[in-house]
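Q: Sharing a structure, written as structure tokens. Questions coming.
Readers should treat all values here as calculations from the given coordinates under stated rules, not as data from a laboratory. Please read all numbers here as calculations on a predicted model, not as lab measurements. All Cβ positions, glycine included, derive from the backbone under ideal geometry; neighbour counts span all protein chains shown.
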Amino acid sequence: MASEPISNPFDHPALPLLTKPTNTETRRIFVAATRMNDGKTTTCLGLYAAIQAMYPRVGFIKPVGQRFVNIDGLMVDEDSYLLDVIYKVCVPIQSMSPVTIDSTLTRRYLKHPEKMLAELEDKICRAFDRVSWEKDFTLIEGTGHAGVGSVFDLSNARVAQLLNAKVILVSPGGIGRPIDEIALNKALFDKAGVEVIGAILNKVEPDKMDMITDYAGEGLRRLGVPLLGVLPVHRMLSTPSMSQIAEEIGGRWLNGRATGAMHRAERVIVGAMTAKGIVDYLQPGVVIITPGDRDDIILAAVSSERLSGEKTISGLILSNDIMPHPKLLDLLEQTEIPVIAAHQECFNVSSRIHSMTVKTQPQDTDKFPVIKKLILDHVDMKQLLAAF
């Protein structure tokens, strides 16, 4: 449920258009990334908890959002909604997501840039004042890399400048590529007069963390960007649930939605072998893709669960829009095996699952403790906060 609105002295329609926030006291940090889907939202989720441990009153805002959900008739950025659900930020949800980029915004802006820019900047400044009112610290999440939003003059660099915020850059792990991309993004922030106080490298293989910390740390130091942390790969964070898979492939639930929607697909198998060959794959975390007329594989899955008396596979995906025999459907309904029917053939279903971008959602409660621990264990919060 979204937070209840809280009135404050900054939210008044009679005030003239703002060109900068009136709040100059609240500490603030802007989290940007070198590319989309680099782990910026995951980093923000962990940073919010880490900052809250030191500053109990923490606000949050994502000034410009590209992906949104409908909350009580309001178009709200999905990341703002996610963070509000988890942490109960106690500010109006609409202020956490003041500008959402719908399909017509860019065209409307290019027709009336001066008028719209003043209105959008005013909206962001008012929202920031509201989420920061009586707060010790405000976490600001950007959208994509430093230049995203330039088409309507609200790039991440410009928004960070507008809000007078210091920046942390999040980049995928490595040495050469992240340093190159951080240098490119830093140049845009430098041009806007915005200070980049550090970088966090994400999704690094555990056995390479020491090497990445050493060499990437040195490379970033030469750019004048401290390395604040290196986050190891955690497979569960990029593992889709059956619910996410169903949405991705446009599947239709046949069984087990109530109890199995959050089962995770740790391994996806195309059931092209005989029932004898499939037995070794009937394990928790495995999702089997098979045509609906493969009675032997379906029976093997049903028998395995009924004999063991506990969950075996994470789910079945029946391809080619082929439905099993009605009696087999009856047997499946006596189990808790999640079963999804798909229009596509096995190869296409498998390809779409393997190429999915898995984003954290409000129902992913198993991920939240993992994310918090990653930040607390691997980001130097003392060094981060020393910049304020």
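Q: In the chain, what percentage of the DSSP-assigned beta bridges are antiparallel, given to the nearest 5? Mind dumping the intermediate values first?
A: Details: 9 of 47 bridges.
If we restrict to bridges inside the chain, about 20 percent are antiparallel.
Q: Also, I was wondering about something else. Over the chain, calculate the relative contact order: mean separation of alpha carbon pairs under 8 Å at least 6 apart, over the residue count, as a percent. Don't skip to the end; give the middle numbers.
A: Details: 741 pairs, mean separation 66.2, N = 388.
Reported relative contact order: 17 percent.
Q: Right, next: From the Cα gyration tensor of the range 156-248, with a ≥ b ≥ c the square roots of its eigenvalues, which class applies: rounded if a/c is under 1.5, or else prolate if a/b is larger than b/c, or else oblate? Display every interim value, and only then the final one.
A: Values: a/c = 2.83, a/b = 1.33, b/c = 2.13.
The shape class here is oblate.
Q: Hey, any idea what Rg/Rh is for the chain, computing Rh the Kirkwood way over Cα pairs?
A: Working: Rg = 23.7 Å, Rh = 22.9 Å.
A ratio of 1.04.
Q: Ok, one more. Among Ala301, Gly176, Met236, flag the residue with its Cα farthest along the positive direction of the charge dipole of the chain, charges on Cβ as +1 for Lys/Arg and -1 for Asp/Glu.
A: The residue sitting most towards the positive pole is Gly176.
Q: Here is a follow-up. Among bridges DSSP assigns within the range 242-354, what percent are antiparallel (round to 5)?
A: On the way: 3 of 15 bridges.
Restricted to the range 242-354, the bridges split so that about 20 percent are antiparallel.
Q: Restricting to DSSP loop positions (anything but H, G, I, E, B) with no more than 16 other Cβ atoms inside 10 Å of their own Cβ, which GluC sites (Glu not before Pro) remain in the range 96-136?
A: Numbers: sites: Glu114, Glu119, Glu121, Glu134; in loops: Glu134.
For GluC sites (Glu not before Pro) across the range 96-136 that sit outside H, G, I, E and B with at most 16 neighbouring Cβ atoms in 10 Å, the list reads Glu134.
Q: Report the label-to-label distance for Arg235 and Arg221 in nanometres (one decimal), using points 7 Å from each Cα along the Cα→Cβ vector.
A: 3.5 nm
Q: If you plug each phi of the range 108-121 into the Karplus form 6.51 cos²θ - 1.76 cosθ + 1.60 with θ = phi - 60°, what whole-Hz ³J(HN,Hα) values come out, in order, with x for Gly and Pro?
A: 5, 5, 5, 7, 9, x, 5, 5, 5, 4, 4, 5, 5, 5
Q: Using only DSSP helix segments of four residues or longer, with each worth -39500 (n - 2.57), what per-residue ellipticity at 222 nm results for the chain after dividing by its residue count and rounding to 500?
A: Numbers: 16 runs with 155 residues, N = 388.
Result for the chain: -11500 deg cm²/dmol, rounded to the nearest 500.
Q: For Lys115, give me every one of the aspartates and glutamates with a C-alpha distance below 17 angstrom, ignoring sequence neighbours fewer than eight places off in its own chain.
A: Partners found: Asp153.
Q: For Gln52 and Asp293 in one chain, what is 0.36 nm times their gap in residues minus the Cα-Cα distance, to one decimal in nm? It would help to have the intermediate numbers written out before the result.
A: Numbers: separation 241, 0.36 × 241 = 86.76 nm, distance 5.36 nm.
This chain segment gains 81.4 nm when fully extended.
Q: Take the alpha carbon gyration tensor of the range 172-306, find the square roots of its eigenvalues, order them as a ≥ b ≥ c, and report rounded if a/c is under 1.5; if not, report prolate when a/b exceeds b/c, else oblate. Present the calculation step by step, with values, prior to reporting the outcome.
A: On the way: a/c = 3.95, a/b = 2.71, b/c = 1.46.
Note, shape of the range 172-306 comes out prolate.
Q: In what sequence do Trp133, Trp253 fall when counting other Cβ within 10 Å, fewest first?
A: Values: Trp133 21, Trp253 16.
Ranking Trp133, Trp253 by Cβ neighbours within 10 Å, fewest first, gives Trp253, Trp133.
Q: Through the Karplus equation 6.51 cos²θ - 1.76 cosθ + 1.60, θ set to phi - 60°, convert the phi angles of the range 326-338 into ³J(HN,Hα) values in whole Hz; use x for Gly and Pro.
A: x, 5, 5, 4, 4, 5, 4, 5, 8, 10, 9, 5, x
Q: Next question, about the same structure. Please rank His343, His234, fewest neighbouring Cβ atoms within 10 Å first, as an exposure proxy.
A: Details: His343 13, His234 16.
In increasing order of surrounding Cβ atoms, one gets His343, His234.
Q: Can you bin the range 52-201 into rounded, prolate or oblate? Criterion: square roots of the alpha carbon gyration tensor eigenvalues sorted a ≥ b ≥ c, rounded for a/c under 1.5, prolate for a/b above b/c, oblate for the rest.
A: Here the range 52-201 falls in the oblate category.
Q: Here is a follow-up. Just to check I understand the Karplus step: with θ = phi - 60° and J = 6.51 cos²θ - 1.76 cosθ + 1.60, what whole-Hz values come out for the range 261-272, glycine and proline as x?
A: Karplus-based 3J(HN,Hα) across the range 261-272 equals 4, 9, 4, 9, 8, 6, 8, 10, 10, 8, x, 9 Hz.
Q: Now for a different question. Can you put Ser308, Ser238, Ser155 in order, fewest other beta carbons within 10 Å first? Don't skip to the answer; put the middle values down first.
A: Working: Ser308 10, Ser238 14, Ser155 24.
Going from least to most buried by this count: Ser308, Ser238, Ser155.
Q: Ok, one more. Which entries in the list Lys40/Lys191; Lys88/Lys359; Lys166/Lys208; Lys123/Lys166 go over 26 Å, if you measure between the two C-alpha atoms of each?
A: On the way: Lys40/Lys191 22 Å; Lys88/Lys359 20 Å; Lys166/Lys208 29 Å; Lys123/Lys166 20 Å.
Result: Lys166/Lys208 exceed 26 Å.
Q: Express in % the proportion of alpha carbon pairs of the range 301-388 at distances exceeding 17 Å. Could the numbers behind the result be given before it?
A: On the way: 2658 of 3828 pairs.
When every Cα pair of the range 301-388 is considered, 69 percent fall beyond 17 Å.
Q: Just the C-alpha atoms of the range 234-361: what Rg/Rh do they give, with Rh taken as the Kirkwood radius? The partial results should precede the final answer.
A: Numbers: Rg = 13.2 Å, Rh = 14.2 Å.
Here the Rg-to-Rh quotient is 0.93.
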